[in-house]
Amino acid sequence: MEKMLGACGLDCGECEACKATQANDADAIARVAAEWSKMYNADIKPEFVWCDGCMTDGVRKCGHCAECDIRACVVGRGLANCAGCDDYACERITKFFESVPCAKEGLDEIRAARCHSERSEESPPPT
């Protein structure tokens, strides 16, 4: 299955909330809400958890994705994710990487592939 990369580089397809939403599994959503409540020492309700992925056209965004400043920045710039930003890696995303280093790996892979593609286009054909 192809990755469903979020604005920040996380694979939304690996998120338990997104998986449960895609399966339309209310019991799994309730379990995720309970896990997140314990993990973050907060009262997280199931309705906060439903999410189709932060950069999809789906209207359901978990509470965090709906208010995420990284997502808002990417959407405001008309990008698919931070990898396409001329300001990569800005202070905002760099701070996020401190907590979630795996997100950087995904974005760096995209940037490297793009750079390789641009170099290939610039290279003259072999003679």
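Just so you know, all these numbers are worked out from the coordinates, no wet-lab data involved. Note that the structure is a prediction, hence the values are computed from the model and not measured. For neighbour counting, all protein chains shown are included, and Cβ atoms are generated from backbone atoms with ideal geometry for every residue, glycine included.
Sequentially through the stretch 84-93, phi angles give Karplus couplings (6.51, -1.76, 1.60; θ = phi - 60°) of x, 8, 5, 9, 5, 9, 5, 4, 4, 6 Hz, Gly and Pro residues having no value and appearing as x.
Here's how it looks for Asp11: its modeled amide H is under 5 Å from those of Gly6, which are all 5 or more places away or on a different chain. Summing charges over neighbours of Gly78, with a neighbour being any other residue whose Cβ is under 15 Å away from its Cβ, gives -1 when K and R count +1 and D and E count -1. Going from the fewest other Cβ atoms within 10 Å to the most, the residues Glu91, Glu35 appear in the order Glu91, Glu35. From its DSSP helices (H runs of at least four residues, each -39,500 (n - 2.57)), the chain gives a residue-normalised ellipticity at 222 nm of -15500 deg cm²/dmol.
Each of Ile29, Ile110 was scored by other Cβ atoms within 10 Å of its Cβ. Arranged with the fewest first, they read Ile110, Ile29. Going from the residue with the fewest nearby Cβ atoms within 10 Å to the one with the most, Cys90, Cys62 rank Cys90, Cys62. Amide H contacts under 5 Å for Met55: Ala7, restricted to partners 5 or more places along the chain or on a different chain, H placed in the peptide plane at 1.01 Å from N.
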